[in-house]
Amino acid sequence: MSEPIPLARPVLGEPEERAVVEVLRSGQLSLGPRLPEFERAFASFVGAPHASAVSSGTTGLHLALRAVGVGDGDEVVTSPLSFVASANVVVYERAHPVFADIDPVTLNLDPEAAEAAVGERTRALLPVHLFGYPADMPELERIASRHDLAIVEDACEALGARHRDGPAVGGRGHPAVFGFYANKQLTTGEGGMVAMAEEALKERIDSERNQGRAPDMGWLDHDRLGFNYRLSELACALGIVQLGRLQEMLDARAVAAARYREALAGIEDLGLPCEDAGGDRRGWFVFVVQVPRGCDRDEVVRALAADGIQSKPYLPAIHLMSFYRERFGHREGEFPVCEDVAARSLALPFFPEITESQIERVAERLRAIVSV
Ligand SMILES: Cc1ncc(COP(=O)(O)O)c(C=O)c1O
């Protein structure tokens, strides 16, 4: 078998090693100076006034939802085509995720479907910038203001993306949550960041990530319910270094995406990620194709694996997962666009250092497999 090609691989080198060793030698492994340094640098990268570092994208989404006031019995309108965490966090607060179908081109929440899903108990919209492509925020903001709803953005996959009306994803003011798992554009191993405009939201999130402690309180004094959702100094040190090389890594992902597009051209009925349109710009995270209808996607995964090429069904529809079926009574056919995409989508190996010849090998194999 030829050399294996992994699905994802972070870019980590000596600068990261040095930064982590420095923290170890300092003896301060949590709540040290790297936390505010990372937060400030990140906020400035996305053009947000404030940012709060947290232990993961999931915990960031949880705190952001609490901060905008989502609670028991509320409804939150969101996309069924996402990583399961964006719906789970709603359930954490005993609120109800209400799904609306996606746009077949961008694969993001369809604003019209989202507005149709708004009801009396709706408290917030939770759009996801899926696969790094910006959701239609100008339209979703109009809907939110018509119905007096809060917005929390799931930007876990969209670092480096930009909206057609100017701001970077994360810079519109609503809490926008990023994730730093090892496959992301920037990684701290595990980690996340909430970017936002309002200082009061940052204060609440900073307190709730740290067991409910106010900044001026003593170590074991807590004035509200909180969690341990802190990000360690080791992770913050990694994040600072990764941020320094972020633009370079984003550019390398964009080059890899352009090469894939070229290498996969002409495969009949293969769906490719939508191109940037109308001024929206993708922050490249994954390269997800949709296999032609009638082609068995899971068989494609197995055939690629037999040649040492890792790929993954990405993503399954959330409403059809057994927990969501059982808890909320969902069934097939509710969100046809999402279900069609989810059944055919396939993430191919994609990372900044993927080589041209690796891309060509993936494309060649994929072409042979789906053309039989
Ligand atoms: C769209 C989306 N939302 C939420 C998350 C959750 O982030 P984390 O894994 O850092 O908790 C992820 C990350 O995998 C994601 O892709």
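The values are calculated or read from the model by the stated rules, or taken from the named source; none is laboratory data. A quick note: this is a predicted structure, and the numbers were derived from the prediction, not measured. Note that we place each Cβ from the backbone using ideal geometry, even for glycine, and neighbour counts take in every protein chain shown. The accessibility values were calculated without ligands, DNA or RNA, using every heavy atom of the protein model including side chains. Shrake-Rupley method; radii C 1.70, N 1.55, O 1.52, S 1.80 Å.
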Say the dipole of the chain comes from +1 at the beta carbon of Lys and Arg and -1 at that of Asp and Glu; which of Val91, Leu246, Met217 then lies farthest toward its positive end?
Met217
Between Glu198 and Arg293, what is the label-to-label distance in nm when each label sits 7 Å out along the Cα-to-Cβ direction?
4.5
Zero-based 10 Å bins, Cα pair distances in the range 51-108, whole percents
24, 48, 26, 2
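If the chain between Cys274 and Gln28 were fully stretched, how many nm would it gain, using 0.36 nm times the residue separation less the Cα-Cα distance? Don't jump to the answer; show the numbers that get you there.
Values: separation 246, 0.36 × 246 = 88.56 nm, distance 4.51 nm.
Taking 0.36 nm per residue and subtracting the Cα distance, the gain is 84.1 nm.
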What is the magnitude of the charge dipole of the range 218-372 about its Cα centre, with +1 placed on the Cβ of each Lys and Arg, -1 on the Cβ of each Asp and Glu, and no other charges, expressed in debye to the nearest 20?
200
Apply 1/(1 + (r/R0)^6) to the Cβ-Cβ distance of Asp72 and Glu334, taking R0 = 22 Å, and write down the FRET efficiency to the nearest 0.05.
0.35
Measure of exposure for Asp280: accessible area at 1.4 Å probe, Å² rounded to 10, is 20
Whole number please: convex hull volume per residue, Cα atoms of the range 56-164, in Å³.
87
Ser145, Ser56, Ser82, reordered so the largest accessible area comes first (probe 1.4 Å)
Ser145, Ser56, Ser82
Part-to-part distance (alpha-carbon centres) for the range 336-372 and the range 47-66, which is given in Å
32
In the range 85-192, carbon and sulfur make up what percent of the accessible area (probe 1.4 Å)?
45
Cα atoms only: what Rg and Dmax, in Å, come out for the chain?
20.6, 67
The equivalent-ellipsoid semi-axes of the range 261-372, taken as the square roots of five times the Cα gyration tensor eigenvalues and listed largest first in whole Å, are 26, 18, 14
Of the range 161-196, those with amide N under 20 Å from the point 7 Å along the Cα→Cβ vector of Arg18 are 187-188
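Out of all DSSP beta bridges with both ends in the chain, state the antiparallel percent to the nearest 5.
Working: 20 of 35 bridges.
Rounded to the nearest five, the antiparallel share is 55 percent.
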Under a point-charge model restricted to the Cβ atoms of Lys and Arg (+1) and Asp and Glu (-1), what is the dipole moment magnitude of the chain relative to its Cα centre, in debye to the nearest 20?
560
Rounded to the nearest 10 Å², the 1.4 Å probe accessible area of Ile240 is 40
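How about the range 1-94: which trypsin sites (Lys or Arg not before Pro) there lie in a loop by DSSP and see at most 16 other Cβ atoms within 10 Å? Provide the component values of the computation, followed by the final result.
Values: sites: Arg18, Arg25, Arg34, Arg40, Arg66, Arg94; in loops: Arg94.
Listed in order of number, the matching sites are Arg94.
With a 1.4 Å probe and all protein chains left in place, how much accessible area per residue does the chain have, in Å²? Let's see the in-between values first.
Values: 15760 Å² over 372 residues.
About 42 Å² of surface per residue is accessible.
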Selection of GluC sites (Glu not before Pro), the range 96-161, meeting DSSP coil and at most 16 other Cβ within 10 Å:
Glu120
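Based on Cβ point charges of +1 for Lys and Arg and -1 for Asp and Glu, what charge dipole magnitude is obtained for the range 192-265 about its Cα centre, in debye rounded to the nearest 20?
Details: 10 positive and 12 negative charges, 86 e Å.
Approximately 420 debye in magnitude.
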Farthest towards the positive end of the dipole of the chain, among Leu234, Thr122, Val362 and with Cβ unit charges of +1 on Lys and Arg and -1 on Asp and Glu, lies the Cα of Leu234
